Amino acid sequence: MSDPLPPPPLADDELASDTAQVESATVDAASSPAPLPVPTPERPLGDIALSLSGGGYRAAGFHLGVLGFLDRVGLLKSVSALSTVSGGSIVGAAWVTSVLDGVAFAAFRDRFRAFLRRTNVIGEALRHLVGRRRVGHPRWPSLIGSAAHVYSAPGFLGERKFAELYDPRLPLREVIFNSTEFHTGVDFRFRRSDNPLAKIGNGNVWMPREVANHVRLADVVAASSCFPGAFEPFQFPDEFAWPADYPLAEAKKALGAAFEGGLPLMDGGIYDNQGVESLVLAYDHGQAATLLISDTSPRQSDFFTFPAARGPGWVTIRLVNWLGWALFALALLSFGVLLVTAMRRWTGTAADWLLYVVPGALALSTAVGLGWLHHRLKVGAAQLRADVRVEGIWADLRRLTVGEAAGMAELRASSLIALTSSVFMKRIRSLVYKSVFQDPRFEQRRMACLVYGLEESRPKLFGQHPWLRPNPALVAKAKQAEQMATALWFDDPAQLDTLEEVGAATICLVLIKLILEDRAAESAIPGSPVADLLQRLRSEWDRINAT
């Protein structure tokens, strides 16, 4: 039997404090586990439901290694369901379209590696940021819309549409690209399913198939990988690209009032960075598959650290305010002097423009800018006074030094980022894993392929099978992979090689562990599909672990 809970470990108080949300998402633990599938040479572990977590290019590279290894040992064709998030959606969408095109995995791998190595998504998006202004779209530039333009490059997803996922050549019964919608704060699933009752969206808002068919996969991937801080919310349907034969107006008409004003979509990792809940819900009324979670979430303990101590300085906000008024008066005075002097001495030469017009314009612009800034600060102070219901706020705040005010702002911003990007996600991840590993439908058929899996101590497993212990060089590479930043570019092309190698090695170890602990009886039968699979896996592991 496998361990009752996977990494990350859950504290006893966490295990004892189930929330109503978790209880409603899990199956009664007293119910009987689903029977294991009958292994066949084509599907020795039965159907595989694969989830690819978020994590930017770290995730894309690691998952590429996982997919490549599954292909190498003949298990990729067993994948019948796919759920992806953020960086996982980048590689997942690319792989799915390659399957539709009948491209061999080796060719897909080479093509996708080339895309990752040459493409800095943020850099490319910034280059297209201003040039993509379109009539009828929001007045502000959209960085996430520019990122979608990057994903729509002819060498990547191009103008592929969601409707193509229903092509019978695609052997997957479920394909789910996860995002988060900010109206109701839950997962928004771009879901292609064999289940005719499955919704594209969620229980609160969903789109008809008629609309979804015309959505670009590049826009879907952008919505799924729209992580806070780097991007603004992606407005659906307004900011999505629509074909000439199905314009935005027609899409809005079909969507109805639920999408009035636009639906704000962001990274699916905000709700479930592993994309697991979508798969669990997809199998709510059917036979459970072997659940494989490819997860690149790094371990982290210090989510927030106080900045280095520094002196408060002596320049107070009151002094800055006085200096601002002095500069405002000086700018107005300068403009007035230049205007009077120009009226007296103007001759119309080029020198007059440089002597009077240009300096006068700069002086007037400075005065107007300072006046506008004072007005905005006054409005903000009035709003703050109304919110906290305290008089005399400005008299208290202006005694702070600029250094103190900057430090207070930095502490609030950094703690808020740590809360949303680390603390919340850690807690959500813990709840997701807990619900899955309490679900009897996945008993003996659940695997967590973690980016730090090669680093974990497994005394019982390695004691019984010493040959399975990863060598120090492999463990060192896993540490490098875990420490890579969540970014949409690679600082060094060698990072992709490391991630791919660690992904392949980790899934190999995880598969062997599953068979040794949960399928031992089947693997002991000579010539059985599980025994043959174990033999292939051990041969691969010996090769991987020897290098």
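The values are calculated or read from the model by the stated rules, or taken from the named source; none is laboratory data. Just so you know, these numbers come straight off a predicted model, no measurement behind them. Glycine also receives a Cβ, built like all others from the backbone with ideal geometry; neighbour counts cover every protein chain displayed. With ligands, DNA and RNA removed, areas are computed over all heavy atoms of the protein, side chains included. Shrake-Rupley method; radii C 1.70, N 1.55, O 1.52, S 1.80 Å.
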Checklist outcome for this item: Cβ pairs under 6 Å, 6+ apart or interchain, first in segment 393-410 and closer than 11 Å to residue 313 by Cα and β-branched (Val, Ile, Thr), second at pLDDT below 80 and surrounded by 14 or more Cβ atoms within 10 Å (Cβ to Cβ), ordered by first then second residue, are 401/312
Checklist entry - Any chance segment 174-191 includes a residue that's over 18 Å from residue 265 (Cα atoms) and either open to solvent by 40 Å² or more (accessible area, probe 1.4 Å) or among the polar types (S, T, N, Q) (or both)? => result no
Next on the checklist: Regarding segment 338-353, can at least one residue be identified that is in contact (Cβ under 8 Å) with a residue 60 or more places away in the chain, over 20 Å from the mean Cα position of the chain (by Cα), farther than 22 Å from residue 172 by Cβ and open to solvent by 20 Å² or more (accessible area, probe 1.4 Å)?
Outcome noted: no
Item to check | Test for residue 478: is it in contact with a Gly (Cβ under 7 Å, 6 or more places away or on another chain), outside any loop (DSSP other than H, G, I, E, B) and surrounded by 18 or more Cβ atoms within 10 Å (Cβ to Cβ) | outcome: no
Checklist entry - Given the residues 164, 159, which is the only one that is over 21 Å from the mean Cα position of the chain (by Cα), assigned to a loop (DSSP other than H, G, I, E, B) and either at pLDDT 95 or above or among the acidic types (Asp, Glu) (or both)? => result 159
Item to check | Residue match in segment 263-273 (condition: buried (at least 24 other Cβ atoms within 10 Å of the Cβ) and farther than 24 Å from residue 221 by Cβ) | outcome: no
Item to check | segment 488-519, residues that are of a type in the set (Gly, Ala, Ser) and within 16 Å of residue 467 (Cβ to Cβ) | outcome: 505
Item to check | Of all residues making up segment 444-457, the number that are without any contact (Cβ under 8 Å) to a residue 40 or more places away in the chain and not small (Gly, Ala, Ser) | outcome: 1
Checklist entry - Of everything in segment 31-54 that's open to solvent by less than 10 Å² (accessible area, probe 1.4 Å) and not hydrophobic (A, V, I, L, M, F, W, C), which residue is nearest to the chain's Cα centre (by Cα)? => result 54
Checklist entry - So residue 195 clears everything in (1) within 24 Å of the chain's Cα centre (by Cα); (2) in a loop (DSSP other than H, G, I, E, B); (3) among the polar types (S, T, N, Q) except one condition, right? Which one? => result (1)
Item to check | Filter result (surrounded by fewer than 17 Cβ atoms within 10 Å (Cβ to Cβ) and over 20 Å from the mean Cα position of the chain (by Cα)) within segment 416-442 | outcome: 440
Checklist entry - Scanning for something at pLDDT 95 or above, farther than 17 Å from residue 68 by Cα, within 32 Å of the chain's Cα centre (by Cα) and open to solvent by less than 10 Å² (accessible area, probe 1.4 Å), does segment 515-533 turn up at least one residue? => result yes
Next on the checklist: Here are the criteria: (1) at pLDDT 95 or above; (2) within 24 Å of the chain's Cα centre (by Cα). Tell me which single one residue 246 does not satisfy.
Outcome noted: (2)
Next on the checklist: Quick check on my filter: what residues within segment 71-95 are in a strand (DSSP E or B) and within 12 Å of the chain's Cα centre (by Cα)?
Outcome noted: 84, 85
Checklist outcome for this item: Taking segment 505-538 and keeping only residues that are part of a loop (DSSP other than H, G, I, E, B) and among the basic types (Lys, Arg), one is left with 519
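For (1) touching a Phe, Trp or Tyr at 6+ places or on another chain (Cβ under 6 Å); (2) assigned to a helix (DSSP H, G or I); (3) not small (Gly, Ala, Ser), each residue gets a yes or a no:
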| residue | (1), (2), (3) |
| --- | --- |
| 399 | no, no, yes |
| 408 | no, yes, yes |
| 431 | no, yes, yes |
| 434 | no, yes, yes |
| 444 | no, no, yes |
| 482 | yes, yes, yes |
| 485 | no, no, no |
| 498 | no, yes, yes |
| 502 | no, yes, yes |
Item to check | Verdict on residue 212 being in contact with a strand residue (DSSP E or B) (Cβ under 7 Å, 6 or more places away or on another chain), of a type in the set (A, V, I, L, M), open to solvent by less than 10 Å² (accessible area, probe 1.4 Å) and without any contact (Cβ under 8 Å) to a residue 60 or more places away in the chain | outcome: yes
Next on the checklist: Take residue 377 and tell me if it is open to solvent by 70 Å² or more (accessible area, probe 1.4 Å) and modelled with pLDDT under 75.
Outcome noted: no
Checklist entry - If we scan segment 244-261, do we find a residue that is among the charged types (D, E, K, R) and surrounded by 23 or more Cβ atoms within 10 Å (Cβ to Cβ)? => result no
Checklist entry - When segment 111-130 is examined, which residues are found to be without any contact (Cβ under 8 Å) to a residue 40 or more places away in the chain and open to solvent by 60 Å² or more (accessible area, probe 1.4 Å)? => result 118, 126, 127, 128, 130
Next on the checklist: Could you list, ordered by first residue, the pairs with Cβ atoms under 9 Å in which the first is in segment 519-547 and without any contact (Cβ under 8 Å) to a residue 24 or more places away in the chain and the second is of a type in the set (Lys, Arg) and open to solvent by less than 40 Å² (accessible area, probe 1.4 Å), at least 6 apart or interchain?
Outcome noted: 534/519
Item to check | Among the candidates 541, 467, 489, residue that is open to solvent by 60 Å² or more (accessible area, probe 1.4 Å), of a type in the set (Phe, Trp, Tyr) and assigned to a helix (DSSP H, G or I) | outcome: 467
Checklist entry - Is segment 219-242 home to any residue that is surrounded by fewer than 23 Cβ atoms within 10 Å (Cβ to Cβ), touching a Pro at 6+ places or on another chain (Cβ under 9 Å) and over 20 Å from residue 149 (Cβ atoms)? => result no
